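In what follows, a single structure is set out as structure tokens and then discussed.
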Amino acid sequence: MDARRDIGGFVVWDYVVFAGMLLISAAIGIYYAFAGGGQHTSKDFLMGGRSMTAVPVALSLSASFMSAVTVLGTPSEVYRFGAIFSVFGITYFLVVIISAEVFLPVFYKLGITSTYEYLELRFNRYIRLCGTVLFIVQTILYTGIVIYAPALALNQVTGFDLWGAVVATGVVCTFYCTLGGLKAVVWTDVFQVGIMVAGFASVIIQASVIQGGINRILDDAYTGGRLNFWNFNPNPLQRHTFWTIIIGGTFTWTSIYGINQSQVQRYISCKSRFQGKLSLYINLVGLWVILTCSVLCGLALYSRYRECDPWTSKKVSEADQLMPYLVLDILQDYPGVPGLFVACAYSGTLSTVSSSINALAAVTVEDLIKPRFTSLSERSLSWVSQGMSVLFGALCIGMAALASLMGALLQAALSIFGMIGGPLLGLFSLGILVPFANSLGAFGGLLAGFAMSLWVGIGAQLYPPLPERTLPLSLETYGCNSTYNGTDLMTTTEMPFYTSAFEIHNVERTPLMDHWYSLSYLYFSTIGTLTTFLVGILISLSTGGRKQDLDSKVLLTKEDFLSNFSFLKKQNHDLSYKSHPVEDGGMDNPAFNHMELNFTDQNVKANGTRL
């Protein structure tokens, strides 16, 4: 490999650091498999016995979406398209508020394990099945990308074995998910967030030392036009503008935070609803920290390579490999630190994969197995959940093999979420916000939304948008003295931006391709959500949706919002009922949950004495 000639390679210490990270993750799994008497029920296994507190859950929420896609994808995104990506900070804020105030209260008061149980309570069993199947497909696809992508990028730059890495990741994840359940997933995530921040920090600190201070990096970025925060162009065809990120990004990420089982499962596993909301708000801080780190890394990349872009001069073959390249370039004198960065990328992967596996197991058990086989005892359900974890772990490794055919990382991942998550978000919003929506409307809306988002999404894969839509900033290679000859003076604006295995070349561009298929990928989800929502409302109204009588529990009510402020009134009372549950007339639901918890604890103790 030419890439390794002028930068460092991997040494023994790097492998030691990396292996250490995998071992500690596995150890946490073993610990939770036996701590506190192990995993007795499927509820312990899938929901951590509903006893988690806010901080670990918050860190875990941040970790899951900071997969290697973020660690490797965002810096190269910033390097090529500028720091406008940081507008996502505002998006995250909106998303967290929507999740905490609209979706969390409804899911929490219903006390469900799988978010799709909600669809049955609100509509009917068939809609629940649709939701479940879509979720399983989406998650397995996404997890494949998440396992494969970092393995590829690291393999090409550091010579780290590709399939060895893929299989190791898959196996370790499956191992601690199967043994330790949700508690292990959450605590390994906490450990992995620490490693990710450490990896990012080491890169930023060393880069600013070499480049001569953070200010110098920012100056370079400014000169290179990388600080393009304010692009208020309302054109929806432009890949990233202020509006596409705020509007499109909010829809895409709400479908991840508000309704995606892997996320909801975490915040429902909290002790009380207050802890659940708190975990979301703390997680917001985590998201901001990681966003800041990755944007800074992207600017450091630009500052370092502004005169000689390794991507155009063919030192790396994919934009996703820029970050590992930078690490080996500036940290080669510190054995073990490149290993820390690889561990950082992989922790991202592990945390995402493990939460996906746990969520897939939860959904399968709750939505597909429990309704069919009603006679299973809790003990055997716990075993079934573990079996499911192993099965899905294997499936995700298989998907990674398929992912080797997909195009650029970050976008592929977000497009999948957009195409499938959008219609699902529309379905849930319909159920929670529209009292007269009925199951016919929901089904019609889901089909329509899905058709629309698949049409635009697949169209965009086949006929990628033109460079003037994506606006990559120029990259220079005049400083690369090694291969200097007259032909190398092209700047990358001509390089095709998004390569996909399925692209169709040199076709006549029709207006359809130039407008509809060139839509910013962030709007895929918006289209799906809005189509589902509006079609659902129309069909429901025309099929007599007003006549149905619903339990107000499945809707978002005024009380749900006002209960935020009940804390101010009942502070002292609130603390007292945790120690000895007081029946609160069933209105104030956390009380009801504590009742449940305390009784299950006594049952477990009783069982213990009898055995």
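Entry remark, segment 116-152: residues being touching a Ser or Thr at 6+ places or on another chain (Cβ under 9 Å), part of a helix (DSSP H, G or I) and within 24 Å of ILE537 (Cα to Cα) number 9 in total. Counting only helices (runs of 4 or more DSSP H) that fall entirely inside segment 1-115 and contain at least 2 residues that are at pLDDT 90 or above and open to solvent by 30 Å² or more (accessible area, probe 1.4 Å), the qualifying elements are 88-98. Pick from segment 413-443 the residues that are of a type in the set (S, T, N, Q), part of a helix (DSSP H, G or I) and over 17 Å from the mean Cα position of the chain (by Cα): which of them is modelled with the lowest pLDDT? Residue satisfying both the conditions and the ranking: SER439. Beta carbons closer than 9 Å, at least 6 apart along the sequence or on distinct chains, never pair a first residue in segment 183-210 that is outside any helix (DSSP H, G or I) with a second that is open to solvent by 10 Å² or more (accessible area, probe 1.4 Å) and not hydrophobic (A, V, I, L, M, F, W, C).
When restricted to residues that are small (Gly, Ala, Ser), part of a helix (DSSP H, G or I) and closer than 14 Å to VAL102 by Cα, segment 258-294 contains 1. One residue alone among SER279, SER262, SER313, SER269 is surrounded by 21 or more Cβ atoms within 10 Å (Cβ to Cβ), small (Gly, Ala, Ser) and at pLDDT 85 or above, and that residue is SER279. Against the criterion of being touching a residue at least 40 places away in the same chain (Cβ under 8 Å), open to solvent by less than 10 Å² (accessible area, probe 1.4 Å) and farther than 21 Å from MET66 by Cβ, ILE127 qualifies.
Here segment 193-208 is the region considered, the condition is being surrounded by 21 or more Cβ atoms within 10 Å (Cβ to Cβ) and small (Gly, Ala, Ser), and the residue that is farthest from VAL264 (Cα to Cα) is ALA207.
Okay, residues lined up against (1) open to solvent by less than 10 Å² (accessible area, probe 1.4 Å); (2) touching a residue at least 24 places away in the same chain (Cβ under 8 Å); (3) under 26 Å from ALA58 (Cβ atoms); (4) acidic (Asp, Glu):
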{"site": "SER351", "(1), (2), (3), (4)": "yes, yes, yes, no"}
{"site": "SER355", "(1), (2), (3), (4)": "yes, yes, yes, no"}
{"site": "ALA362", "(1), (2), (3), (4)": "yes, yes, yes, no"}
{"site": "GLU366", "(1), (2), (3), (4)": "no, yes, yes, yes"}
{"site": "PRO371", "(1), (2), (3), (4)": "no, yes, no, no"}
{"site": "SER375", "(1), (2), (3), (4)": "no, no, no, no"}
{"site": "SER380", "(1), (2), (3), (4)": "no, no, no, no"}
{"site": "GLY393", "(1), (2), (3), (4)": "yes, yes, yes, no"}
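What pairs can you find where one residue is in segment 544-559 and without any contact (Cβ under 8 Å) to a residue 60 or more places away in the chain and over 14 Å from LEU121 (Cβ atoms), the other is assigned to a helix (DSSP H, G or I) and open to solvent by 60 Å² or more (accessible area, probe 1.4 Å), and their Cβ atoms are less than 9 Å apart, with a gap of 6+ or different chains? Within 9 Å, the pairs are GLU559/SER552.
Does GLY348 count as over 16 Å from LEU152 (Cα atoms), of a type outside the set (Val, Ile, Thr) and in contact with a helix residue (DSSP H, G or I) (Cβ under 6 Å, 6 or more places away or on another chain)? The answer is no for GLY348.
Of ASP161, ASP220, all but one fail to be acidic (Asp, Glu), open to solvent by 10 Å² or more (accessible area, probe 1.4 Å) and over 25 Å from ILE357 (Cα atoms); the exception is ASP220.
Within segment 175-192, being within 18 Å of the chain's Cα centre (by Cα) and surrounded by 24 or more Cβ atoms within 10 Å (Cβ to Cβ) holds for CYS177, LEU182, VAL185, VAL186, THR188, ASP189, GLN192.
The values are calculated or read from the model by the stated rules, or taken from the named source; none is laboratory data. Everything numeric here is computed off the predicted structure, so don't read it as measured data. Because the Cβ atoms are built from the backbone with ideal geometry, glycine has one as well, and the counts that use them run over all protein chains shown. Just so you know, the surface numbers come from the protein's heavy atoms only, side chains and all, with ligands and any DNA or RNA stripped out. Shrake-Rupley method; radii C 1.70, N 1.55, O 1.52, S 1.80 Å.
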